[in-house]
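One structure below.
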Amino acid sequence: SIGPIPYLYTAEVFRQNSRDSAMSICILINWIANFITTIGFPFLNQYINQYVFLIYVVLMIFALIVIIKKVIFKAI
């Protein structure tokens, strides 16, 4: 999964004086997203059964595209 990406990205992108605040916000958003995923999974599973993971696959592909565009191509 892309779990460690927010921690690595914020540690490398932000300057030393704002890194603490950025890490705090990033960790908060990461935990909120994990909570929403955990709470929403049973409801989605009830309605679309075995296709519930397609939603997560689409979200992961979208996140991968954003990460590639913002991180890899920005570094080149």
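The values are calculated or read from the model by the stated rules, or taken from the named source; none is laboratory data. Here the structure is a predicted model, which means the values were calculated and not measured. Cβ coordinates were reconstructed from backbone atoms using ideal geometry, including for glycine residues, and neighbour counts include every protein chain displayed. Ligands, DNA and RNA are stripped out before the accessible areas are found, and what is left, the full protein with its side chains, is counted by its heavy atoms. Shrake-Rupley method; radii C 1.70, N 1.55, O 1.52, S 1.80 Å.
Computed values, structure above
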read-out: Output for the range 1-20, where each listed residue is assigned to a loop (DSSP other than H, G, I, E, B), under 23 Å from L59 (Cβ atoms) and open to solvent by 100 Å² or more (accessible area, probe 1.4 Å); value: S1
read-out: Among (1) of a type in the set (A, V, I, L, M, F, W, C); (2) open to solvent by 70 Å² or more (accessible area, probe 1.4 Å); (3) over 16 Å from the mean Cα position of the chain (by Cα), the one test that W31 misses; value: (3)
read-out: Per-region count, the range 55-72, residues open to solvent by 100 Å² or more (accessible area, probe 1.4 Å) and modelled with pLDDT of 90 or more; value: 1
read-out: First in the range 57-76 and in contact (Cβ under 8 Å) with a residue 40 or more places away in the chain, second anywhere and part of a helix (DSSP H, G or I), Cβ under 7 Å, 6 or more apart; value: I67/I5; V71/Y9
read-out: The range 34-49: number of residues that are of a type in the set (A, V, I, L, M) and under 15 Å from the mean Cα position of the chain (by Cα); value: 1
read-out: Per-region count, the range 31-59, residues under 14 Å from P6 (Cα atoms) and among the hydrophobic types (A, V, I, L, M, F, W, C); value: 3
read-out: Residue within the range 30-38 that is touching a residue at least 24 places away in the same chain (Cβ under 8 Å), aliphatic (A, V, I, L, M) and assigned to a helix (DSSP H, G or I) present; value: no
